1. Enter the accessible area per residue of the chain (Å², integer; probe 1.4 Å; all protein chains in place).
2. Within 12 Å, Cβ to Cβ, of G152, how many net charges do the neighbouring residues add up to if Lys/Arg are +1 and Asp/Glu are -1?
3. Using modelled amide H (1.01 Å from N, peptide plane; none on Pro or chain starts), what sits under 5 Å from the amide H of F134, excluding residues fewer than 5 places away?
4. Once you've got the GNM for the chain with C-alpha springs shorter than 10 Å, pick whichever of N195, N120, N132 has the biggest mean-square fluctuation.
5. Which value in nm describes the separation of the simple spin-label points at S145 and K171, placed 7 Å from the Cα toward the beta carbon?
6. What relative contact order, as a whole-number percentage, does segment 26-142 give when Cα pairs under 8 Å and 6 or more residues apart are counted?
7. 7 Å from Cα along Cα→Cβ at both L185 and A131: what's the point-to-point distance in nm?
8. Answer rounded, prolate or oblate for segment 142-190, using the Cα gyration tensor with square roots of eigenvalues a ≥ b ≥ c: rounded when a/c is under 1.5, else prolate when a/b is larger than b/c, else oblate.
Amino acid sequence: MDFLDEGEYVTRREAMVTTQIIQRGILDKRLLDAMGTVPRHLFVPPGYRRYAYSDHPLPIGEGQTISQPYMVALMTSLLGLTGGETVLEIGTGSGYQAAILSHLAKEVHTVEIIPAVAENARKILAALGYANVFLHIGDGSFGWSECAPYDGIIVTAAAKETPRALLDQLKPSGCLVIPTGGPSLQYIQKWTMENGEWTSESILAVSFVPLRGAEGWTREEWPI
Ligand code: SAH
């Protein structure tokens, strides 16, 4: 394996925060601290560690990916967390996004549909001591009602449309960040309540793996 020494990971992580996050306009100090603290290289497969702080997503097995650092920062910043929140993430993947959220919110619930992916994330999160992250295995395409309501929900796989159930599991003051669209093009949507109605704002064109499950894409519609 091509492991680097610990100091080199720290240097690369600091460079990532400066060139990929701050220089692109994300300035929330708590978020920058979290991105500068979470050891992203431990969330990628060992053979990819030297690329962990590069400006792109990486494969994590089972056809899934860990998102590009900037995408994690951008989607997290849209939630506007201040520390007291209960947050739901759909699509645990590597567990990296959940680890970032764990620094910024009070409680993080994260749902993963592929058991082997979930178990891998569980091991990493436990080894790093992320005690306020609660990992659930199952279909999160209609949310996770047991622990609702949430102050924020973040979906890290592309939905066809925003599942209504996710909005129903938010507090009125809450916010949902979700990429919607098909295999070729998706947009990050930010949903908040205005005058008693859920309203969405389209933020950025992106490329995510598909959301599966009851409210997601079938393999026939979107093979990967
Ligand atoms: N947030 C992750 C990256 C997510 S990749 C990270 O930080 O690494 C998208 C993940 O969503 C994949 O692991 C995929 O298996 C999962 N997923 C897809 N559909 C899902 C569903 N309906 N419920 C829960 N997880 C789902």
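The values are calculated or read from the model by the stated rules, or taken from the named source; none is laboratory data. Please read these numbers as outputs of a predicted model, since none were measured by experiment. Because the Cβ atoms are built from the backbone with ideal geometry, glycine has one as well, and the counts that use them run over all protein chains shown. What goes into the accessible areas is simple: the full protein's heavy atoms, side chains included, and nothing from ligands, DNA or RNA. Shrake-Rupley method; radii C 1.70, N 1.55, O 1.52, S 1.80 Å.
1. Values: 10000 Å² over 224 residues.
That works out to 45 Å² per residue.
2. Numbers: positive: K106, K171, K190; negative: E85, E89, E107, D151.
Counting the neighbours of G152, the net charge comes to -1.
3. When sequence neighbours closer than 5 places are left aside, the close amide H contacts are V108, H109, T110.
4. Maximum among the listed residues: N195.
5. Between S145 and K171, the label points sit 2.1 nm apart.
6. Result for segment 26-142 is 23 percent.
7. Inter-label distance under the simple model: 4.8 nm.
8. Values: a/c = 2.73, a/b = 1.99, b/c = 1.38.
Note, shape of segment 142-190 comes out prolate.
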